[in-house]
Amino acid sequence: MATPLKTFQDAAVNNAVELLEATHHQLCRVSDPASRHLIIQYNGCLLIEAPTGAGKTLIAGHTAAKFSQGKKIVWFWFAPFASLIEQSIRTIKSEFQGLTVKDPRKDRTIDGIKSGDIYVTTWGAVAANTAESRKARTMSDKALSLDLLVPALKSLGYHIGIVVDEAHHGFKKAPEALSFYMNVLAPEYTVMVTATPKDRDIDSFKQATGFVEVHKIAISRTDCVEADLIKKGVKAIAFLVDDEARTITDFEKTALRHGLEKHQEIEEELARTGVDLKPLMLVQVDSNADTNTVEDAKRKLLELGVKADRIAVHTAQDPDPDLLALANDEHVRVLIFKVAVALGFDCPRAFTLVSMRRSRDADFGVQVVGRILRVHRLLQGKERVDLLKYGYVVLADYAIQAGLTKAADRLKSIESQLTSASATIGLVIVASDAVNAQVMEGGQASFWTEPPQQEAPIPHDESAPQYDGKQGVQEQGPTGTPTQTTLFAGETIPAPTKVEPAASMTPKVQKSGKMYRLRKDLEFPKSLKKEVCNADMVASIAKCISSRINLDGEIMNVVFRRFAQATKRTTELFDGHVATEAATADISMKEIARKAQAVLFEDENISGRPLHDLLIIRLKEEFQCKGMIGGGTPQELEEALNLILATYPKTLREAKRRCYTNFIEAAPAASLPEHLTSDEPLEPAKLNVYGVIPAGLTSDEREFALMLDSDTSGGVLWWHRNPQSKPYTVSLVMPELKYDFNPDFVAGIRGRSAEESVLLIEIKGEPYLDNPQTIVKARAVHKVYKRVMMLHWHDRSQWRTVINDDRGERNLLDQAFRFSLMATY
């Protein structure tokens, strides 16, 4: 049974038919091609803009059916995806008595053609380089090609009308559609429907096709809500956690769990009120992710208790052959999809959508919101609790909400409006009694007219892009190079650019370099000391670490942790109301394991695998000693260890630090090189071991080097720039770091009690002062050279020492640097 139109829908249909009738009247009164072009340019295109759920398909279909009465009109209806063709066909057959569905794959004859016949297809099926498209565009013994069918219909006096469903998307996927639209269909009447028009897209469409005016009929969200066609609003739900928990939270599983809770709540409320309807939860996975997001989502749904036979999947790679039946199959409670279902999919029993897609685009937001806005027929006009008045989008990524908010703002901004035929075009009778169309200036016609600068779509327009069957839409650019154009996308696909041969380049000549030798007039050690971990003691170190790691109190409590504290933030997209409440977020055991492995293997001096095995043994002993339930199976022990290491990495690093003290030795590094080379001359230095200020220093390091070299107290005996990771580098073994620590400078300080009177100095600038590695380095103590001095050039005016706070968790600026401080530091 056909759906009765709401008042606003009926008004939109009447207004659309009124425009098309006016255009038809004008076209029937003129005969010259130029006048026909002009009329189509100004009155041949209509855009219907309305929120998803407003009944755009009903409005467009009734417009086509009503307008076709008493005329000779054949229609082409373009769905955005092949999966939605069947949905469109069923709607046309059930709703519009004046339209008769034709199949463009086989019904390509003029026998029996009549007004109101409508071909339902996609742009890709008739205007792309595919086997299906080539078949439709090729003549056979039983059927004309589409390229011949349309002119044949026109020769019999038929006009062509097209309806583009989801017009914002239709042309994007088939650039050849522009040529097919202009050169084959060349419609007199174009009706486009969309929820997401953009001014720049409309301008691009007009420029590409020659339309001067695109008439608009707009329907406001308020009209739809008052008619009870769409829900009162949409609530976006997202989860916020603290920095520590963010990296280990499984936001996707959290979104699925809370989405299922809302879905179940809605199902129970429908049952309580006696409505025989089972809701559907939609799950949109990220189509751009590297992993198999569909399988991941399905696995997590199963873990959350959803039965396998209640989950359906529809993607381009795994399409359901009957998507509409799936939408109505109430045995299916969850539908996993990527993109296709987000466009034009009609499923009023969908209340909840879980989105894992990382898009912040407003167009995407409009489509996501549209999937859950419709009010089911069983609920229309009935009193409902607030729970059933809203749709719910549960987000795996809070950032997605930006796109949803923009989408809501766009939908709210649509104000109802109707249209009328352009007053710019008038019909005039010339001396020959012929009727011509003219552009009216000030309401007056002119005897002298110029041909239109742009032509509207007409058959075989030689100035329009030509379809060659292989290369798609091609135009000749200003320099004769081919370009490609798409509609609504607002973008041009350029042809390959010509690569000019590279200009000749003068080969770079390697400079010979200047050599600076080690000085003989200063006393300093020719070989410095580096810390090494005794290779024979590695097994002993691992045993020491496993025995000294702290597994008491809250550290052991974390082994049962499966949730993190979170803030659940609910935003009503249309009125902006925000509510927050405490919630739980699921822990990602996969991410926990990854972080644990990173902690376990971060120390290059000791193998993580033997240490792992020893820690598992120690952990099992702790479970037994504390009488804790669980932890008996290898899987439970593995997860428990991962949770400890990922949540409390410091406990392992502290155990390493305590143990390494007993196993680290100071060993001679390689001898300092006999000379230093530089491509450019270096500035002389008084106390440097090579007699120069080395190249490659940061601005802060250079400031310090100049200050050190300018000491007049006699405290600085010599200094050397300690390079990174050379055989002769001074280094410290620090288990908290992933690599050995190489301080920036080595200096000989008069009166210092360390071996060879050496002081190690590290310079840290502002951006790095409080990062975790710098915090560790600030407490470094060399085996023979003692404590490393860390300095910061504060406000670029004063050198200050840097130390850890009492808890060793932050760096603090300590006392001002003085040369006298160096001997006893």
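Every residue in the stretch 299-309 that is out of contact with any helix residue (DSSP H, G or I) (no Cβ under 9 Å at 6 or more places or on another chain) and surrounded by 12 or more Cβ atoms within 10 Å (Cβ to Cβ), please.
Correct list: 299 only.
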Exercise for review: Take the residues in the stretch 623-667 that are more than 40 Å from the chain's Cα centre (by Cα) and among the aromatic types (Phe, Trp, Tyr), then tell me which one is nearest to residue 611 (Cα to Cα).
Suggested key: 660
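Mind checking which residues of the stretch 212-264 are β-branched (Val, Ile, Thr) and either part of a helix (DSSP H, G or I) or within 30 Å of residue 424 (Cα to Cα) (or both)?
Our first condition is that a residue be β-branched (Val, Ile, Thr); within the stretch 212-264, this holds for 212, 214, 217, 219, 222, 225, 230, 234, 237, 241, 247-249, 254.
The answer is 212, 214, 217, 219, 222, 225, 254.
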Check your understanding: Given the conditions (1) at pLDDT below 75; (2) out of contact with any strand residue (DSSP E or B) (no Cβ under 8 Å at 6 or more places or on another chain), which single one is not true for residue 295?
Key -> (1)
Exercise for review: Determine the pairs where a residue that is part of a loop (DSSP other than H, G, I, E, B), located within the stretch 21-44, has a partner that is among the acidic types (Asp, Glu) with Cβ atoms under 8 Å apart, the partner being 6 or more residues away or on another chain.
Suggested key: 44/188
Exercise for review: Taking the residues in the stretch 275-288 that are out of contact with any strand residue (DSSP E or B) (no Cβ under 6 Å at 6 or more places or on another chain) and within 18 Å of residue 331 (Cα to Cα) as candidates, determine which candidate is surrounded by the fewest Cβ atoms within 10 Å (Cβ to Cβ).
Suggested key: 276
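Of the residues in the stretch 566-600, how many are more than 30 Å from residue 232 (Cα to Cα) and either of a type in the set (S, T, N, Q) or within 32 Å of the chain's Cα centre (by Cα) (or both)? Show your work before the answer.
Looking only at the stretch 566-600, we keep the residues that are more than 30 Å from residue 232 (Cα to Cα), and these are 586-600.
Narrowing further to those that are either of a type in the set (S, T, N, Q) or within 32 Å of the chain's Cα centre (by Cα) (or both): 586-599.
The total comes to 14.
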Review point. In the stretch 549-605, how many residues are out of contact with any strand residue (DSSP E or B) (no Cβ under 9 Å at 6 or more places or on another chain), surrounded by 13 or more Cβ atoms within 10 Å (Cβ to Cβ) and basic (Lys, Arg)?
Key: 2
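Condition check: surrounded by fewer than 22 Cβ atoms within 10 Å (Cβ to Cβ) and not in a strand (DSSP E or B). Does residue 144 satisfy that? Give the steps one after another, and end with the answer.
Working: surrounded by fewer than 22 Cβ atoms within 10 Å (Cβ to Cβ): yes; not in a strand (DSSP E or B): yes.
Yes, satisfied.
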**Study point:** Condition met for residue 727 (part of a loop (DSSP other than H, G, I, E, B) and in contact with a strand residue (DSSP E or B) (Cβ under 8 Å, 6 or more places away or on another chain))
**Key:** yes
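Could you tell me how many of the residues in the stretch 668-694 are of a type in the set (Gly, Ala, Ser), exposed (fewer than 14 other Cβ atoms within 10 Å of the Cβ) and within 52 Å of the chain's Cα centre (by Cα)? First the steps, then the outcome.
Within the stretch 668-694, the first condition is being of a type in the set (Gly, Ala, Ser), and the residues that meet it are 669-671, 678, 685, 691.
Next, only the ones that are exposed (fewer than 14 other Cβ atoms within 10 Å of the Cβ) stay: 670-671.
Add one more test, that the residue is within 52 Å of the chain's Cα centre (by Cα), and what stays is 670.
Residues that pass the stated criteria total 1.
When the residues of the stretch 731-752 are narrowed to those that are within 22 Å of residue 713 (Cα to Cα) and in a strand (DSSP E or B), which ends up nearest to the chain's Cα centre (by Cα)? Even if it seems obvious, please write down each step before you answer.
Let us first name the residues in the stretch 731-752 that are within 22 Å of residue 713 (Cα to Cα), namely 745-752.
Remaining after also requiring in a strand (DSSP E or B): 745-749.
On the way: 745: 45, 746: 48, 747: 52, 748: 55, 749: 56 Å.
The selected residue is 745.
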Practice item. Return yes or no: is residue 788 over 43 Å from the mean Cα position of the chain (by Cα) and either surrounded by 15 or more Cβ atoms within 10 Å (Cβ to Cβ) or among the aromatic types (Phe, Trp, Tyr) (or both)? Key: yes
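Please tell me if residue 163 is part of a strand (DSSP E or B), free of Cβ contacts under 8 Å to residues at least 60 places away in the same chain, under 22 Å from residue 188 (Cβ atoms) and under 42 Å from the mean Cα position of the chain (by Cα).
Numbers: part of a strand (DSSP E or B): yes; free of Cβ contacts under 8 Å to residues at least 60 places away in the same chain: no; under 22 Å from residue 188 (Cβ atoms): yes; under 42 Å from the mean Cα position of the chain (by Cα): yes.
So residue 163 fails the test.
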**Study point:** Among residues of the stretch 354-381, those that are modelled with pLDDT of 90 or more and either within 19 Å of residue 264 (Cβ to Cβ) or of a type in the set (A, V, I, L, M) (or both), counted
**Key:** 5
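Would you confirm whether any residue within the stretch 550-559 is in contact with an Asp or Glu (Cβ under 8 Å, 6 or more places away or on another chain), part of a helix (DSSP H, G or I) and either at pLDDT below 90 or not polar (S, T, N, Q) (or both)? Break it down into steps so the answer makes sense when it comes.
Of the residues in the stretch 550-559, the ones in contact with an Asp or Glu (Cβ under 8 Å, 6 or more places away or on another chain) are 550-551, 556, 559.
Then keep just the ones that are part of a helix (DSSP H, G or I); that gives 556, 559.
Subset that is either at pLDDT below 90 or not polar (S, T, N, Q) (or both): 556, 559.
Yes, there is a match, as at least one residue in the stretch 550-559 is in contact with an Asp or Glu (Cβ under 8 Å, 6 or more places away or on another chain), part of a helix (DSSP H, G or I) and either at pLDDT below 90 or not polar (S, T, N, Q) (or both).
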Check your understanding: Are there any pairs with C-beta distances below 7 angstrom linking a residue in the stretch 633-651 that is farther than 15 Å from residue 620 by Cβ to a residue that is buried (at least 18 other Cβ atoms within 10 Å of the Cβ) and among the basic types (Lys, Arg), with the two at least 6 apart or on different chains, and if so which?
Key -> 646/595
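Okay, residues lined up against (1) at pLDDT 90 or above; (2) part of a helix (DSSP H, G or I); (3) farther than 17 Å from residue 102 by Cα:
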| position | (1), (2), (3) |
| --- | --- |
| 52 | no, no, yes |
| 59 | yes, yes, yes |
| 71 | yes, no, yes |
| 80 | no, no, yes |
| 84 | no, yes, no |
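For residues that are over 17 Å from residue 85 (Cα atoms) and surrounded by fewer than 17 Cβ atoms within 10 Å (Cβ to Cβ), tally how many sit in the stretch 102-134. Please lay out each step first, then the result.
Within the stretch 102-134, the subset over 17 Å from residue 85 (Cα atoms) is 108-116, 129-131, 134.
With the extra rule that they be surrounded by fewer than 17 Cβ atoms within 10 Å (Cβ to Cβ), the set shrinks to 109-112, 114, 129-131, 134.
Here the count works out to 9.
I'm trying to understand the selection: among the residues of the stretch 14-43, which are among the β-branched types (Val, Ile, Thr) and surrounded by fewer than 23 Cβ atoms within 10 Å (Cβ to Cβ)? Before you say what the answer is, go through the steps one by one.
As a first pass, look at the stretch 14-43 and keep what is among the β-branched types (Val, Ile, Thr): 17, 23, 30, 39-40.
Hits for the stretch 14-43 are 17, 30.
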Review point. Can you name the condition, by its number, that residue 718 falls short on among (1) modelled with pLDDT under 95; (2) in contact with a Lys or Arg (Cβ under 9 Å, 6 or more places away or on another chain); (3) not in a loop (DSSP other than H, G, I, E, B)?
Key: (1)
Check your understanding: Of all residues in the stretch 791-815, which are touching a strand residue (DSSP E or B) at 6+ places or on another chain (Cβ under 7 Å), polar (S, T, N, Q) and exposed (fewer than 13 other Cβ atoms within 10 Å of the Cβ)?
Key -> 798, 815
Check your understanding: List, please: which pairs have Cβ atoms under 7 Å, are six or more places apart or on different chains, and start with a residue in the stretch 575-599 that is over 30 Å from residue 612 (Cα atoms) and end with one that is basic (Lys, Arg)?
Key -> 578/569; 580/568; 580/569; 581/568; 583/568
Check your understanding: For residues in the stretch 184-208 being modelled with pLDDT under 85 and part of a loop (DSSP other than H, G, I, E, B), which is surrounded by the most Cβ atoms within 10 Å (Cβ to Cβ)?
Key -> 195
Revision key, fill the gap. When residue 702 is run through (1) touching a residue at least 40 places away in the same chain (Cβ under 8 Å); (2) under 24 Å from residue 682 (Cα atoms); (3) among the basic types (Lys, Arg), the failure sits at (1)
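Filter the stretch 382-419 down to residues that are in a loop (DSSP other than H, G, I, E, B) and surrounded by 14 or more Cβ atoms within 10 Å (Cβ to Cβ), then give me how many there are.
Number of matching residues: 7.
The values are calculated or read from the model by the stated rules, or taken from the named source; none is laboratory data. If you're wondering where the values come from, they're calculated on a predicted model, not measured in any experiment. Ideal geometry is used to build each Cβ from the backbone, glycine not excepted, and the neighbour counts take in all protein chains shown.
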